[in-house]
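Below is one structure, written out as structure tokens; the observations come after it.
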Amino acid sequence: MEGPQVRALVKYANEDGALEVRDVAAPEAGPGEVLVRVHTVGVCGSDIHMWHDSQSKSSVGILPVTLGHESAGVIAAVGPDVEGWVVGDRVVCETAASICGVCALCRAGRYNLCPFREGYGLKRDGAMAEYVVAEPRVLHRIPDGVSFAAAAMTEPYAVAYNALIERVGVKPGALVVIQGAGAIGINALQLAVLAGAGTTVVLGTSVDAHRLARASELGADHVVDITSEDPAELIGRLHDGLGADVVVDATGVSAALQQSMQLVRPGGEIAKVGWGPQPLGFTLDPLVKKAATLYGCYSHTWSTWEAVLRLFAAGRLHPESIIGGAYPVEEWETAFGAMQRGEHIKSVLRMPFGLESEADR
């Protein structure tokens, strides 16, 4: 006899469009685990790639797998050997569902780089479901006054925080150019402004017209549609004319690195956040000639999440500003499509728990 079933958005094959809402076995909290009842989960660009099976092939997952790694909810059950957490606690979950805990990287606190890391929505069933299982080490308490929807944005803000603050360390007065006007690009803009950047420039395409307008509202000094304007001409007129102190690649297009190398100043820094499976097809000589530093920026750790949540609670970051629409999980295709078409910076899905009342405390 089948046990309890719950609804989940499942990728079931390595094919374009192989994604559907299914009834799956209800998960349970085992020893050292908690069960989180999901309220709101954000849609990531990587989820859209999983929908179309265009994700980087370096990210090898399991099938079938429930998508979703940007979640907020409440603890519904606590397994044996768990201390410090109780049913009803409002929480967000980091994306590293499983790590080895014993390799040199884990021991040094850099578990985001653990070679045995298994992420939600790729190698572990994720949070686009009614419930998700989590180890206490990935849990963070949602501060009072921060809504579930805002809290579900912690992960994409943590990605940007890692890139701009922890990796390149944006300095007050810097010229910061951000390639891409999606969620990570807009979050990077907010953090650059918060860090005291002297001038910020956000680059997008004609698809990003709405998102570029939002970037201006959120503090971008300049926005450029690169399909109709050459950003190099603008960058050459700013500051001392030598180029950007920091370029953030938040596009996920491999060719964007060529533009990064053109726009960065000698001795400057490039933070590459976006994944791109395409081959490069161009020389990296400008990186060498300019003695520029290229930072790979991947994921985040406990302290990153805590910093972002504190900034949410203090009103210094504005996660609600990037959410364009909230949809029941059954309307996932509408939510995904709105992001793909550039209509939303961010879509979120509401699980049944999130739809039970209009209150989003």
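In whole angstrom, how far apart do the alpha carbon centroids of the stretch 294-308 and the stretch 10-76 sit? When both Cα centres are located, 21 Å separates them.
Take the Cβ atoms of residue 137 and residue 310, set R0 to 25 Å, and the FRET efficiency comes out at 0.85. Could you identify which residue out of 130, 15, 155 has the top mean-square fluctuation in a GNM of the chain using Cα springs shorter than 10 Å? Comparing 130, 15, 155 in a Gaussian network model of the chain, the most mobile one is 15.
Other residues whose C-beta falls under 15 angstrom from the C-beta of residue 297 contribute a net charge of -1, scoring Lys and Arg +1 and Asp and Glu -1. For the chain, lysine pairs with C-alpha atoms less than 28 angstrom apart, excluding pairs fewer than eight positions apart on the same chain, total 16.
Counting Lys and Arg as +1 and Asp and Glu as -1 over every other residue whose Cβ lies under 9 Å from the Cβ of residue 130, the net charge comes to +2. Simple point charges give the picture: +1 on the Cβ of Lys and Arg, -1 on the Cβ of Asp and Glu, and for the chain a dipole about the Cα centre of about 1040 debye. A viscosity of 1.567 mPa s and a temperature of 4 °C, combined with the Kirkwood radius over Cα pairs in Stokes-Einstein, give a translational diffusion coefficient for the stretch 202-332 of 76 µm²/s.
Taking label positions 7 Å along the Cα-Cβ direction at both residue 87 and residue 283, the computed distance is 6.7 nm, reported to one decimal.
Between residue 77 and residue 52, the simple spin-label model (points 7 angstrom out along Cα→Cβ) gives 3.9 nm. Which trypsin sites (Lys or Arg not before Pro) in the stretch 178-280 pass both tests, a DSSP loop state and at most 11 other beta-carbon atoms within 10 Å? Filter output for the stretch 178-280: 237.
How high is the relative contact order of the stretch 159-296, given as a whole-number percent (alpha carbon pairs under 8 Å, six or more residues apart)? Once divided by the residue count of the stretch 159-296, the mean separation gives 23 percent.
One chain, two ends: residue 207 and residue 23. Fully extended at 0.36 nm per residue, the span grows by 62.7 nm beyond their Cα-Cα distance.
So, counting K/R as plus one and D/E as minus one, what does the shell of residues with Cβ under 12 Å around residue 170 add up to? Here the count lands on -1. Per-residue ellipticity at 222 nm from helix content only, as computed over the chain with -39500 (n - 2.57) for each DSSP H run of at least four residues, stands at -6500 deg cm²/dmol. Its residues counted as N, the chain yields a C-alpha radius of gyration over 2.2 N^0.38 Å of 0.98.
The stretch between residue 318 and residue 16 holds 105.3 nm of extra length on full extension. This uses 0.36 nm per residue minus the Cα-Cα distance.
We did not get these values from a lab; they are worked out from the coordinates using the rules stated. Since we're looking at a predicted model, the values are computed, not measured. Please note: Cβ atoms are built from the backbone with ideal geometry, for glycine as well, and neighbour counts cover all protein chains shown.
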